[in-house]
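Engineer: One structure coming up, written as structure tokens, with questions to follow.
The values are calculated or read from the model by the stated rules, or taken from the named source; none is laboratory data. Because the structure is a prediction, the values reported are computed rather than measured. Because the Cβ atoms are built from the backbone with ideal geometry, glycine has one as well, and the counts that use them run over all protein chains shown.
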């Protein structure tokens, strides 16, 4: 089945540093979503991308839908302690007209004050 | 408003019990989903309802039984579960369940099976 490779698996950074994570796929996607999940809570949607090349910002977060449609990245600028959590990318393939999302394995972010 | 609510927040049950998880959304979405999530892993899709009809069952054991009474409500009935079924159960909803559709998740129900 389709898989998403999300990297890095984990990051431990100093407060104020910028963060970058990405997801790649062996096949093309027509939707990329980025979620953040706090322990014991549900994933919260951060950014949704629908067009190749699209670059979207949400506060300190910026995400891009890769031109090849096989990748996406998420950047967090000037990290703060509340950025701690697990970040998941998720994508939908063009043939996936059923609403089914494919998830990456997640990037665990820890921020040292 | 992009809120999906789930009850209960926590549930502990024995292997012979019958219980139900509930999910509700008032965003006018016509697709609703059940996911199972183990610690530090991504959500795994269980069921999809589109326009109140079951459209996807990801080969889930029959001890999990979904129900969609109306377009705003989604239930998951549990019976004779196993300890390995302990997990965070997430509900999500989206506008149509197809195309360029964004899923919004609820806070989850933490299920422990003894």
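Engineer: Please go through the range B:5-29 and pick out each residue that is within 10 Å of chain A (Cβ to nearest Cβ) and over 11 Å from the mean Cα position of the chain (by Cα). It would help to see each step written out before you state the result.
Structural biologist: If we filter the range B:5-29 for residues that are within 10 Å of chain A (Cβ to nearest Cβ), which is where we start, we get B:6, B:9-10.
Passing the criteria: B:9, B:10.
Engineer: Could I ask something else about it? Could you say which residue among A:45, A:49 is surrounded by 16 or more Cβ atoms within 10 Å (Cβ to Cβ), farther than 30 Å from residue B:112 by Cβ and within 14 Å of another protein chain (Cβ to nearest Cβ)? Steps first, please.
Structural biologist: Working: A:45 fails: farther than 30 Å from residue B:112 by Cβ.
Going through A:45, A:49 in turn, the sole match is A:49.
Residue by residue, here is whether (1) surrounded by fewer than 21 Cβ atoms within 10 Å (Cβ to Cβ); (2) in contact (Cβ under 8 Å) with a residue 24 or more places away in the chain; (3) within 14 Å of another protein chain (Cβ to nearest Cβ); (4) closer than 19 Å to residue B:11 by Cα holds:
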{"site": "B:61", "(1), (2), (3), (4)": "yes, no, no, no"}
{"site": "B:66", "(1), (2), (3), (4)": "yes, yes, no, yes"}
{"site": "B:89", "(1), (2), (3), (4)": "no, yes, yes, yes"}
{"site": "B:110", "(1), (2), (3), (4)": "yes, yes, yes, yes"}
{"site": "B:114", "(1), (2), (3), (4)": "yes, yes, no, yes"}
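Engineer: Exactly one of these conditions fails for residue B:41: (1) within 21 Å of residue A:36 (Cα to Cα); (2) touching a strand residue (DSSP E or B) at 6+ places or on another chain (Cβ under 6 Å). Give me its number.
Structural biologist: Failing condition for residue B:41: (2).
Engineer: Also, I was wondering about something else. Count, please, the residues in the range B:76-87 that happen to be surrounded by fewer than 17 Cβ atoms within 10 Å (Cβ to Cβ) and in a strand (DSSP E or B).
Structural biologist: Adding up the residues that qualify gives 2.
Engineer: Give the range A:29-42 a look and list any residue that's more than 10 Å from the chain's Cα centre (by Cα), within 17 Å of residue B:104 (Cβ to Cβ) and either more than 9 Å from chain B (Cβ to nearest Cβ) or at pLDDT 95 or above (or both), or say none.
Structural biologist: Hits for the range A:29-42 are A:37, A:38, A:42.
Engineer: Quick check on the range B:30-48. Is at least one of its residues touching a helix residue (DSSP H, G or I) at 6+ places or on another chain (Cβ under 6 Å), in contact (Cβ under 8 Å) with a residue 40 or more places away in the chain, assigned to a strand (DSSP E or B) and more than 10 Å from every other protein chain (Cβ to nearest Cβ)? Don't jump to the end; show me each part of the working.
Structural biologist: Of all residues in the range B:30-48, those touching a helix residue (DSSP H, G or I) at 6+ places or on another chain (Cβ under 6 Å) come to none.
Within the range B:30-48, none of the residues are touching a helix residue (DSSP H, G or I) at 6+ places or on another chain (Cβ under 6 Å), in contact (Cβ under 8 Å) with a residue 40 or more places away in the chain, assigned to a strand (DSSP E or B) and more than 10 Å from every other protein chain (Cβ to nearest Cβ).
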